[in-house]
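The values are calculated or read from the model by the stated rules, or taken from the named source; none is laboratory data. Everything numeric here is computed off the predicted structure, so don't read it as measured data. Here the Cβ positions follow ideal geometry from the backbone for every residue, glycine too, while neighbour counts run over all protein chains shown. Just so you know, the surface numbers come from the protein's heavy atoms only, side chains and all, with ligands and any DNA or RNA stripped out. Shrake-Rupley method; radii C 1.70, N 1.55, O 1.52, S 1.80 Å.
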Amino acid sequence: MSQPIPYKISTLIYIQNTAGDLLLMQRKKAPNFGLWSSIGGKLEMATGESPYQTAIREVQEEIGLCLTEADLHLFAIIAEKAYEGHAHWLMFLFDCRKRLSILPTDIAEGAFAFHPQSAIASLPVPETDRLALWPLWFEKRQGFTSLRADCAPGKPIEITVEEEW
């Protein structure tokens, strides 16, 4: 019998600069090594951290931007089943209302760059991001959507919208 894979909980934060370009990080580590992604990180479950607290902490740690809950809008939740065959992920996606004026310094996890919104479709990004998360951010980030994605290796990703408003 195969070993169960872990379930991880994380946040992604979509941040723009004052010109409307998106801040992305080209990851130097797994998951998503070499791909462009929004910043974020895992909840500190041992401390009872909420998704909002995680987003605020991760933004502070990764780019030095101080946020409050009012600076964030939770626009989606996605449950990814068997992502890369190594873990299930429950991710909370936030649109950041606060804008950046300068490019943050690179960190051990990756290098930062601002990309115009029109460039996102041509960047190497995680497949779930391409199929579901970026379309949500572009078209429906003012509302809320709950998704699930079956990411089982060897099959096309299957995305289901569970709730949308």
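Figures for the structure shown
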quantity: Antiparallel bridges, percent of DSSP beta bridges restricted to region 62-165 (to nearest 5); calculated: 75 percent
quantity: Simple spin-label estimate for Gln53 and Phe144 in nanometres, 7 Å along Cα-Cβ; calculated: 2.0 nm
quantity: Highest-MSF residue in the chain out of Glu109, Glu62, Glu80 [GNM, Cα springs under 10 Å]; calculated: Glu109
quantity: Cα pair distances in the chain, grouped into 10 Å bins until the bin that holds the longest one, percent each; calculated: 10, 40, 39, 10, 1, 0
quantity: Table column - 3J(HN,Hα) (Hz), region 112-126, Karplus curve with 6.51, -1.76, 1.60, x for Gly and Pro; calculated: 9, 7, 8, 10, x, 4, 5, 8, 4, 5, 9, 7, x, 10, x
quantity: Label-zone membership for region 2-26, site Lys42, 7 angstrom Cα→C-beta point, backbone N under 16 Å; calculated: 4-12
quantity: The chain, accessible area per residue, ligands and nucleic acids excluded (1.4 Å, Å²); calculated: 51 Å²
quantity: Cα gyration tensor category, rounded, prolate or oblate, for region 93-157 with a/c compared to 1.5; calculated: oblate
quantity: Restricting region 34-124 to trypsin sites (Lys or Arg not before Pro) in coil, as DSSP defines it, with at most 15 other Cβ within 10 Å; calculated: Arg97, Lys98, Arg99
quantity: Spin-label model distance (nm) - Ala82 vs Ala119, 7 Å beyond Cα toward Cβ; calculated: 3.6 nm
quantity: Candidate lysines - alpha carbon under 18 Å from Lys28, same-chain residues fewer than 8 apart omitted; calculated: Lys42
quantity: Sulfur and carbon atoms: percent of accessible area, region 1-114 [1.4 Å]; calculated: 57 percent
quantity: Candidates Ile13, Ile63, Ile39, ranked by Gaussian network fluctuation over the chain, Cα under 10 Å, top entry; calculated: Ile63
quantity: Under 5 Å, built H, 5+ apart or other chain: amide partners of Ala76; calculated: Leu93, Thr145
